[in-house]
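> Pasting a structure here, questions to come.
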Amino acid sequence: MIDFNAPYSLLIDGQLVDTAARLDVINPATGSVFAHCPAAGGTELDAAVAAARRAFPAWKALGFAERAACIARFAAALEANQESLARLLTQEQGKPLGQSRDEIARAASLSVGITKIGIEPEVILDNAERFIELRYLPLGVAGIITPWNAPVNLAAGPLTSALYTGNCAIIKPSPFTPLTTLRIGEILREVLPAGVVNVLAGGDELGALLTAHPGIDKISFTGSVATGKKVMASSAGTLKRVTLELGGNDAAIVLEDVDVADVAKKLFFAATVNSGQVCMAVKRIYAHEKIYDALCAALAIEAGKAKLGDGLDPGTTLGPIQNRRQYERVCELAADARQHGVFNEGQPRPEGGGYYVAPAVVTGLAESDRLVNEEQFGPVFPVLKFRDVEDAIARANNTRFGLAGSVWSKDVARAQTIAGRLEVGTAWVNQHRATMANVPFGGAKESGIGRTYSRLGLEAYLEPQVISVLKT
Ligand code: NAD
């Protein structure tokens, strides 16, 4: 078990490392600093890259089964430490404790799920003259850069994909939420050979150093579109492979035949889980005019039921926004929406210094309003009216984002056809936000490049190699 009272450390070459430089970590429920941790710079990064490169040949030489066994031990240790990790995650990230527990459990089950995917060599030709085989080799060292909204989950997928395919890794969490990832580094230290995984907390500049480092072969980046573009540009210097999981502005199209009360509950949750700070949250709802008023009223009832508060308090269903910068951005978009539309707000925000934003259902906005065409990443969302479903599809697609979307109807076949016309990486029917280890997830358009999970996701950590033999 991990000592959650011990000071926080980086993990480099199997050693717990301190630095003179520190990061202050704020609890968003109070707005005050509650912990400090080391902050890595170029020296620590060089040491981590050197350690990962040293560990690579032996790790690569292990088979998939042996690496899967290490990942199973990691998943079991996550589960054994679930409660302490979840409490820490809520303190630094803000989400309700139940959602933090789910995040740890999901990281464990996804990690194991990824190791159930087979990567076999393929014999393309084998006859009297020739033998041609396609096989897959690990790339080397993967740099994994994560955001602050789901730091455990968004590290676990890329990390276990990299490890299972024979790569070593360096994880850099967001400076807003480094602590749970550092504790997970301590867990990894117990289950993996030294150097196979290194964990470096640090600021944005550490992320930039990672993407430019010549000893790193692959970048898995999860974060905003703007930073994703910088990551791609910087990675081009050494032609690193990149997987980019970026932002979204997911539309949910609700047809006229739905059970309004049932769909309102599901949509409200999909729009406000983790206070809306989810890449694939529902961010715009297009409702048919026949059910528009009823759906808006049912969503407003859900907003009224939401209990805003410290994620550690039992009964809290909506925590604070994770950091001041994002809080100010959500407040700015909400203020803009207030000017142009009608606000149906839930309970007022709690007293104190926390970054609380009350959930709100906003009606009467136009497509050109900021809350509709920007990613709000907060619990305030627009509901827009349509008469003709062709118009709803066109409006849903009229964006540079393309992460996901959903269609809601009792007529599943019709909904499935409409879903197929959404310009997104994932189009759901009668659900939103469902992902699995064996199903690819990722963005179309500016929502990303590549996929995580599934065989497609694993191939992003592998170099295809052809062995072509002329038999003499
Ligand atoms: P961000 O882009 O500000 O930061 C993400 C990470 O990148 C942090 O670790 C940060 O330190 C690092 N970073 C910052 N500048 C960098 C640079 N120049 N080079 C390399 N790394 C750098 O994103 P955020 O605000 O932490 O996260 C919110 C965004 O993430 C939202 O847009 C959300 O939709 C997106 N997101 C996407 C997915 C997905 O799977 N598609 C999942 C979660 C979040």
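The values are calculated or read from the model by the stated rules, or taken from the named source; none is laboratory data. Just so it is clear, the structure is predicted and the values come from calculations on it, not from any experiment. Every residue, glycine among them, receives a Cβ derived from its backbone with ideal geometry; neighbour counts consider all protein chains shown. Please note that ligands, DNA and RNA were not included when accessible areas were found on the heavy atoms of the full protein model with its side chains. Shrake-Rupley method; radii C 1.70, N 1.55, O 1.52, S 1.80 Å.
> Scan the range 303-316 and give yes if some residue there is among the basic types (K, R) and either within 14 Å of the ligand (Cβ to nearest atom) or in a helix (DSSP H, G or I) (or both), otherwise no.
Keep residues of the range 303-316 that are among the basic types (K, R), which gives 305, 307.
Filter again for either within 14 Å of the ligand (Cβ to nearest atom) or in a helix (DSSP H, G or I) (or both), leaving 305.
Yes, some residue in the range 303-316 is among the basic types (K, R) and either within 14 Å of the ligand (Cβ to nearest atom) or in a helix (DSSP H, G or I) (or both).
> Provide a single number: the residues in the range 187-222 that are within 24 Å of P7 (Cα to Cα) and either out of contact with any strand residue (DSSP E or B) (no Cβ under 7 Å at 6 or more places or on another chain) or within 13 Å of the ligand (Cβ to nearest atom) (or both).
15
> Testing A264 on (1) among the aliphatic types (A, V, I, L, M); (2) part of a helix (DSSP H, G or I); (3) more than 10 Å from the ligand (Cβ to nearest atom); (4) under 22 Å from the mean Cα position of the chain (by Cα), one condition comes back false. Which one is that?
(4)
> A further question on this structure: Would you point out the residue of the range 368-388, among those that are part of a loop (DSSP other than H, G, I, E, B) and over 15 Å from L333 (Cβ atoms), that is most open to solvent (accessible area, probe 1.4 Å)?
By that ranking, first place goes to R387.
> Can you list the helices (runs of 4 or more DSSP H) found entirely within the range 41-141 that contain at least 3 residues being in contact with a Leu (Cβ under 9 Å, 6 or more places away or on another chain), open to solvent by less than 60 Å² (accessible area, probe 1.4 Å) and farther than 15 Å from L159 by Cα?
On the way: elements: 42-61, 64-80, 82-93, 97-114.
Once the helices (runs of 4 or more DSSP H) in the range 41-141 are filtered for at least 3 residues that are in contact with a Leu (Cβ under 9 Å, 6 or more places away or on another chain), open to solvent by less than 60 Å² (accessible area, probe 1.4 Å) and farther than 15 Å from L159 by Cα, what remains is 42-61, 82-93, 97-114.
> What pairs come up if the first residue lies in the range 284-305 and is within 14 Å of A392 (Cα to Cα), the second is polar (S, T, N, Q), and their beta carbons are under 8 Å apart, counting only those six or more places apart or on different chains?
R284/N249
> Counting just the residues of the range 232-252 that are part of a strand (DSSP E or B) and either aliphatic (A, V, I, L, M) or within 9 Å of the ligand (Cβ to nearest atom) (or both), which one comes out farthest from L462 (Cα to Cα)?
So, considering only residues that are part of a strand (DSSP E or B) and either aliphatic (A, V, I, L, M) or within 9 Å of the ligand (Cβ to nearest atom) (or both), the one farthest from L462 (Cα to Cα) is A252.
> Let me ask something else about it. Please verify whether P147 is within 12 Å of the ligand (Cβ to nearest atom), in a loop (DSSP other than H, G, I, E, B), within 23 Å of E205 (Cα to Cα) and touching a strand residue (DSSP E or B) at 6+ places or on another chain (Cβ under 6 Å), treating the condition exactly as stated.
Answer is yes for this residue.
> Follow-up question, since we're still on this one. When residues of the range 306-323 are filtered for being within 30 Å of A392 (Cβ to Cβ) and of a type outside the set (A, V, I, L, M), how many remain?
Within the range 306-323, the subset within 30 Å of A392 (Cβ to Cβ) is 306, 317-318, 321.
Now drop any that are not of a type outside the set (A, V, I, L, M), which leaves 317.
So the answer is 1.
> Please give the number of the condition L333 fails out of (1) open to solvent by 20 Å² or more (accessible area, probe 1.4 Å); (2) assigned to a helix (DSSP H, G or I).
The single condition L333 does not satisfy is (1).
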